[in-house]
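Worksheet: the structure to be examined is printed underneath.
Any read-out appearing in this document is the output of simple, stated calculations on the displayed coordinates, not a laboratory observation. All figures in this text were calculated on a predicted structure; none of them were measured in a lab. Cβ atoms come from the backbone with ideal geometry, glycine included; neighbour counts cover every protein chain shown.
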Amino acid sequence: MKLKIIFLLIIFTFSSSAMSTYFIPNAKEIAQIAEQAVKEKMSTLPNAKVDLHIQRFDKRFISPKCSAPITSQITAEKIKRHNTVKLSCERADQDFLWTIYLSVNVTISYQVVVASKTIMAGERIETSNTTLEFVNETSLRGGQFQSLESVMGTRTKRRSMKGAAILKQNICYVCKGDDVAIYAKSKNLHIKTSGEALKDGNLQDLIRVKNLNSNKIIEARVIGIGEVEVRM
């Protein structure tokens, strides 16, 4: 009889000890684990701004009694705009896993040059009409600029509304009809003459230019605002 009582006491003590080694994570802690799981799997450019939005917990949510740390799992190979994170832990009061699925939305923005006010076609880009702002990547189609210096003095080919990103295809370093400086360079010779651009061009574009001294049409490479170069 004594042995039976001792055996029952041992079982009771062991069960009580097992039940006492648990922790109860709150909703904020669970959300932080989901957020960290997404961050660890993300790959973005250094100048990106990342905002994570985690779904709100239902008012009826009851925190679990976890006997082991919460684990996270993202089934998708790459992080997308909308992601689902599976969170689980071993329960101290049940013989099955506690599991919850949380939605984590990701917004990625990049700092680019935008119009600080409406810029009309043909207007020069200056510090007074442009600024740097973070723009959602879904609104960027390529050809944007990340520094004000890279577009200062260029002209717009079409109207840019306030807040719109300044795009390469919408500006010209040399615009059709502009007076340009033509530089002709060789190993031992440097010549500068005047010309007229017959086509719009951005940096490194090859455009047709009329030499105003000889009236010849030549091909020259755009090297700066109002400047082209011919290799001799």
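For the chain, what's the relative contact order in percent, using C-alpha pairs closer than 8 Å and at least 6 residues apart?
Numbers: 469 pairs, mean separation 28.3, N = 232.
Contact order relative to length: 12 percent.
For segment 97-124, list residues with backbone N below 15 Å from a point placed 7 Å from the Cα of Arg81 toward its Cβ?
Correct set: 104-110.
Can you tell me the Rg and Dmax of segment 21-108, counting just the alpha carbons, in angstroms?
In order Rg, Dmax, the Cα atoms of segment 21-108 give 14.1, 47 Å.
Tell me, rounded to the nearest percent, the portion of alpha carbon pairs in the chain spaced more than 26 Å apart. Display every interim value, and only then the final one.
Working: 16811 of 26796 pairs.
Within the chain, distances greater than 26 Å cover 63 percent of Cα pairs.
Say each of Glu29 and Thr99 gets a label point 7 Å from the Cα, pointing the same way as Cα to Cβ; how far apart are those two points in nm?
Inter-label distance under the simple model: 2.2 nm.
Using only alpha carbons, build the gyration tensor for segment 110-172 and give me the equivalent ellipsoid semi-axes, biggest first, whole Å.
On the way: eigenvalues 53, 27, 23 Å².
Sorted largest first and rounded, they come to 16, 12, 11 Å.
So which aspartates and glutamates pass the test for Lys192, namely a Cα distance under 12 Å, with those fewer than 8 places away in the same chain ruled out?
Qualifying aspartates and glutamates at Cα under 12 Å: Glu227, Glu229.
Listed highest first by mean packing, meaning other Cβ atoms within 10 Å per residue, what order do 170-178, 45-53 come in? Before the final figure, lay out the partial values.
Numbers: 170-178: 19.9, 45-53: 11.6.
Answer by packing, highest mean first, reads 170-178, 45-53.
For segment 179-231, what's the relative contact order in percent, using C-alpha pairs closer than 8 Å and at least 6 residues apart?
Numbers: 117 pairs, mean separation 19.1, N = 53.
Value for segment 179-231: 36 percent.
Among Ile79, Ile218, Ile125, whose mean-square fluctuation peaks in a Gaussian network model of the chain (Cα, cutoff 10 Å)?
With Cα springs under 10 Å in the chain, the top fluctuation among Ile79, Ile218, Ile125 is at Ile218.
Can you give me the angle between helix 2-20 and the longest principal axis of the chain, using Cα atoms only, in degrees from 0 to 90, rounded to the nearest 10?
Approximately 20 degrees, to the nearest ten.
I'd like the orientation of helix 27-41 relative to the chain: the angle between its Cα long axis and the longest Cα principal axis, in ° from 0 to 90, rounded to 10.
With both axes taken from Cα atoms, the answer is about 50 degrees.
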